[in-house]
């Protein structure tokens, strides 16, 4: 068993993911916690929190530090690694991260909600020119022209990576903070600022990306967001009313896959997420133990 | 609107009830929090808690104090009042407590789990000689012979109350701490120690209480436990696998009645209870607002 094999993988480092992690650890399971660049920005921005039992009128950032401190004190490390696909296998799951594949017997999906709407054409062209991971799929676009939609700063790294493979790379910096990152952009990448992506076009395969003031002829569109929508992440995952469809024990329609937190639906609240992280983790542990 | 009318009543002062209370308060609703004599003894007894996100390796009693302090800091009072019945009405619920009736438009049931098993005959004879509340039903047993099963110290007060009404009162002290309370027992009450109740007998109405070494001829049996089973508390409440049957939004089969915490089923865990208390309260608020 090499280092990339785990009993339980937890995807997401918001309150649900952190709660799932401490509960998995308490039960003595080998876990990997895959988080984004900055855990739980929502909590970071909250001026004060009054409705998480035990802390009266605490600052959001102070509570965030307590959460991260708790996890750290229990010896749990957060691996910053954007997950782009979770593939059910015979005895567990293969988890595709930016530059590594992790294996786990059960998964807790705690990816939050993305406010992003899908672009017209995004869903239809997924796998037909649309990708969420340059390091995974970049090889398919050797000597071709592609565009990168960077809703997350990581999109800039992805564009740089593609510059070494593709004939031409367009980059749309669509996230905050991308201004400061300009100096890091590879000189072969053409930055297109102040334009919004409108739709992804093509008869079967992708042939163009329509922007507000021009159209780019491209064969690939890489869309880099902090959170990939759950059903895009896990092929075959059932969604209901825009949320992951879960059973009472927070299992999903895929055996061994559990969900917790905002991705299971409203209310989008801290205590709900922490509670669900616990329940999902304990049931994932039970699932493994019963196998 | 007199003082006993509320928008939301929360029954139980464990983690689920306390979390429901702070979330109701945050939403600006008029609430009553009806708790038992000692809130959350389970937490009080826990040597340390490691899996409630934000507190690493905290003592159970210390965490309990933080929970109670949070509720107090928000100006929420816990009324110590054992609830013995919740009756759905036209526009809400009548909540029968020991010596008062409260009215509320929605209810969050956070009563925990009782480890007590029902006595043989208890369910069949409820209302036919079996009662959970002396102050409510005592008048029906004027000049009759009754027995009080005191699984909670409050049973002693109930027996004293009945001594002023009934011809004869037997008391079985079945809870811890009852030894110290002996001096408080009314002299007309006959204490029967070191005997276990086995069953409640009678053709239609109650006629006897069988104990391990004798049988008492009684017309009434008062059973005083800290927690009354949810479906005994609320007539018509659906139960599934021994837990309150709840929907995804923690509503029950009775409109306006929500459940949270251990009474909704396993895992019996702190974070799960706190999260459910929040979700139940927010949905109870939504229920009222939509009416």
Revision key, fill the gap. Selection from segment A:98-107 of residues touching a residue at least 40 places away in the same chain (Cβ under 8 Å) and surrounded by fewer than 22 Cβ atoms within 10 Å (Cβ to Cβ) yields A:98, A:100, A:101, A:103, A:105
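Filter segment B:262-285 down to residues that are out of contact with any helix residue (DSSP H, G or I) (no Cβ under 8 Å at 6 or more places or on another chain) and modelled with pLDDT under 95 and give me whichever is surrounded by the most Cβ atoms within 10 Å (Cβ to Cβ).
Looking only at segment B:262-285, we keep the residues that are out of contact with any helix residue (DSSP H, G or I) (no Cβ under 8 Å at 6 or more places or on another chain), and these are B:265-266, B:283.
Filter again for modelled with pLDDT under 95, leaving B:265-266.
Working: B:265: 19, B:266: 16.
Only one residue tops the list, namely B:265.
Which ranges mark the strands (runs of 3 or more DSSP E) fully within segment B:107-193 that have 2 or more residues being outside the structural domain of residue B:232 (by TED's automatic domain parsing) and within 29 Å of residue B:5 (Cα to Cα)? Walk me through how you get there before you give the answer.
Numbers: elements: B:145-150, B:168-173, B:189-191.
Hits in segment B:107-193: none.
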Check your understanding: Looking at (1) modelled with pLDDT of 90 or more; (2) touching a strand residue (DSSP E or B) at 6+ places or on another chain (Cβ under 8 Å); (3) under 21 Å from residue B:116 (Cα atoms), which is the one condition that is false for residue B:188?
Key -> (3)
**Study point:** Search result, residues across segment B:161-177 that are out of contact with any helix residue (DSSP H, G or I) (no Cβ under 6 Å at 6 or more places or on another chain), within 19 Å of residue B:80 (Cα to Cα) and surrounded by 15 or more Cβ atoms within 10 Å (Cβ to Cβ)
**Key:** B:175
Exercise for review: Would you check if there is a residue in segment B:209-217 being crowded, with 18+ Cβ neighbours inside 10 Å and outside any strand (DSSP E or B)?
Suggested key: no
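For segment A:26-50, how many residues meet the condition of being under 16 Å from residue A:110 (Cα atoms) and touching a strand residue (DSSP E or B) at 6+ places or on another chain (Cβ under 8 Å)?
The first filter runs over segment A:26-50 and keeps only residues under 16 Å from residue A:110 (Cα atoms), leaving A:31-43.
Subsequent filtering for residues that are touching a strand residue (DSSP E or B) at 6+ places or on another chain (Cβ under 8 Å) retains A:31-37, A:39, A:43.
Going through segment A:26-50 one residue at a time, the tally reaches 9.
Would a scan of segment A:252-261 turn up a residue that is within 21 Å of residue A:161 (Cβ to Cβ), assigned to a strand (DSSP E or B), more than 14 Å from chain B (Cβ to nearest Cβ) and modelled with pLDDT of 95 or more? Give the steps one after another, and end with the answer.
Pass one, segment A:252-261, residues within 21 Å of residue A:161 (Cβ to Cβ): none.
No, that holds for no residue.
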Point to revise | Condition broken by residue A:110, with the remaining ones in (1) buried (at least 17 other Cβ atoms within 10 Å of the Cβ); (2) at pLDDT below 95; (3) touching a helix residue (DSSP H, G or I) at 6+ places or on another chain (Cβ under 9 Å) satisfied | key: (2)
Exercise for review: Scan segment B:227-244 for residues that are in contact with a strand residue (DSSP E or B) (Cβ under 6 Å, 6 or more places away or on another chain) and either within 10 Å of chain A (Cβ to nearest Cβ) or farther than 14 Å from residue B:12 by Cβ (or both) and report the count.
Suggested key: 1
Review point. Does segment B:213-220 contain at least one residue that is within 14 Å of chain A (Cβ to nearest Cβ) and over 17 Å from the mean Cα position of the chain (by Cα)?
Key: no
Practice item. Scan (1) under 18 Å from residue A:19 (Cα atoms); (2) in contact with a strand residue (DSSP E or B) (Cβ under 6 Å, 6 or more places away or on another chain); (3) part of a loop (DSSP other than H, G, I, E, B) for the single condition residue A:267 breaks and write down its number. Key: (2)
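Can we say residue A:198 is in a strand (DSSP E or B), touching a residue at least 40 places away in the same chain (Cβ under 8 Å) and surrounded by fewer than 21 Cβ atoms within 10 Å (Cβ to Cβ)? Reasoning before the result, please.
Numbers: in a strand (DSSP E or B): yes; touching a residue at least 40 places away in the same chain (Cβ under 8 Å): yes; surrounded by fewer than 21 Cβ atoms within 10 Å (Cβ to Cβ): yes.
Taking the combined requirement at face value, the residue satisfies it.
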Review point. Quick check: anything in segment A:215-227 within 29 Å of residue A:153 (Cα to Cα), free of Cβ contacts under 8 Å to residues at least 40 places away in the same chain and not assigned by TED's automatic domain parsing to the domain that holds residue A:21?
Key: yes
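The values are calculated or read from the model by the stated rules, or taken from the named source; none is laboratory data. Quantities reported herein were computed from a predicted structural model and do not represent experimental measurements. Because the Cβ atoms are built from the backbone with ideal geometry, glycine has one as well, and the counts that use them run over all protein chains shown.
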